[in-house]
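What follows is a single structure, written as structure tokens, with notes after it.
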Amino acid sequence: MIESVAMMSALNGAGIAFQTILVAGFAFAIAGGLSMFFSSYLSSRSEMDMLRIDISRERMEIETEPEEEKAELEALLKVEGYEQKEVDVIMQRLVKDKELWLRTQLSHELRVHMEDLATDPLRRPAAAGAAFFFLALLALSPYSFASGYRAALLLSVSLSLIALFALSSRVFTPRNFNLKTGLESVAIGAVAAVLLYGVGLVVSSI
């Protein structure tokens, strides 16, 4: 989002023709969306590979070092507030079901869950790529109808900063709303837009 509004501001400051800005902006939206998709996909795949390694290691340790693993889990349960009697009941249940033991060990010791392996590997990357693409188009859209450079710039920056605030502050999820984060993101986006607009002005004067 910040990259998009900064780029549009730079092209605007340089006095580039609106048609050229539209072509360049659309190409930027596609390239950025693809970049976000593949970077997120590679990150997700790496996380899944690490999760598989963790699962395999914990499964092996439960088989080869059951007492050590049992002691580790008992200590973690006590830290979480369980009484010794409760811990004994839990452990009696877990040692009879090693798969359940493994899931519990992973959850309490490593804070990971086997269910994450069933997550669609393309869902998060697709969402990241699509979000970048459409937000870039939002910053670009004023150049398709605005009557002048100043109007296009103000609309592009305003729409982008509003969207940036909404996303970063999580305004659509009231329980997780964070005003400070939203304002910080808006400030960063505004500074980036001003700086790149200045760069565009400098370039146009050379």
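No lab work stands behind these numbers, since they all come straight from the coordinates. Predicted model only: the values in this text are computed from it and were never measured. Ideal geometry is used to build each Cβ from the backbone, glycine not excepted, and the neighbour counts take in all protein chains shown.
Among the lysines of segment 45-118, pairs that are 8 or more positions apart or on different chains and have alpha carbons within less than 16 Å of each other number 4.
Take every pair of alpha-carbon atoms less than 8 Å apart whose residues are at least six positions apart; their mean separation over the length of the chain yields a relative contact order of 43 percent. Of ASP120, ASP54, ASP97, the residue with the greatest mean-square motion in the GNM of the chain, using alpha carbon springs below 10 Å, is ASP97.
Among the trypsin sites (Lys or Arg not before Pro) in segment 149-206, those placed in a DSSP loop whose Cβ has at most 16 other Cβ atoms within 10 Å are ARG170.
Of all stretches in the chain that contain no GluC sites (Glu not before Pro) in a DSSP loop with at most 11 other Cβ atoms within 10 Å, the longest one is 84-206.
Considering only LEU154, LEU196, LEU34, the mean-square fluctuation computed in a Gaussian network model of the chain, springs between alpha carbons under 10 angstrom, is largest for LEU154.
Using the Karplus relation 6.51 cos²θ - 1.76 cosθ + 1.60 with θ = phi - 60°, the per-residue 3J(HN,Hα) values for segment 192-206 come to 4, 5, 5, 4, 6, 5, x, 4, x, 4, 4, 4, 5, 8, 7 Hz, with x marking Gly and Pro. A DSSP coil position with no more than 11 other Cβ atoms inside 10 Å describes the following chymotrypsin sites (Phe, Trp or Tyr not before Pro) in segment 41-145: PHE145. Straightening the chain between LEU100 and ALA126 buys 6.1 nm, computed as 0.36 nm per residue apart minus the Cα-Cα spacing.
Phi angles of segment 155-166 translate, via the Karplus equation with coefficients 6.51, -1.76, 1.60 and θ = phi - 60°, into HN-Hα couplings of 5, 4, 5, 4, 4, 5, 5, 5, 5, 4, 5, 4 Hz per residue; Gly and Pro are given as x.
Between amide H atoms placed 1.01 Å from N, distances below 5 Å from HIS113 occur with no residue 5 or more places distant or on a separate chain. Take the Cα of ASP88, step 7 Å toward its Cβ, do the same at VAL199, and the gap between the two points is 6.8 nm. Note on the chain: with charges restricted to the Cβ of Lys and Arg (+1) and Asp and Glu (-1), its dipole about the Cα centre is near 1360 debye. Between ALA187 and ARG111, the FRET efficiency from the beta-carbon distance, with R0 = 30 Å, is close to 0.35. When the chain is treated as a GNM with alpha-carbon contacts under 10 Å, the residue of ALA128, ALA146, ALA118 showing the greatest mean-square fluctuation is ALA118.
Think of the chain as a dipole: +1 on every Lys or Arg Cβ, -1 on every Asp or Glu Cβ, centred on the Cα centre; then among VAL87, PHE38, PHE165, PHE165 lies furthest on the positive end.
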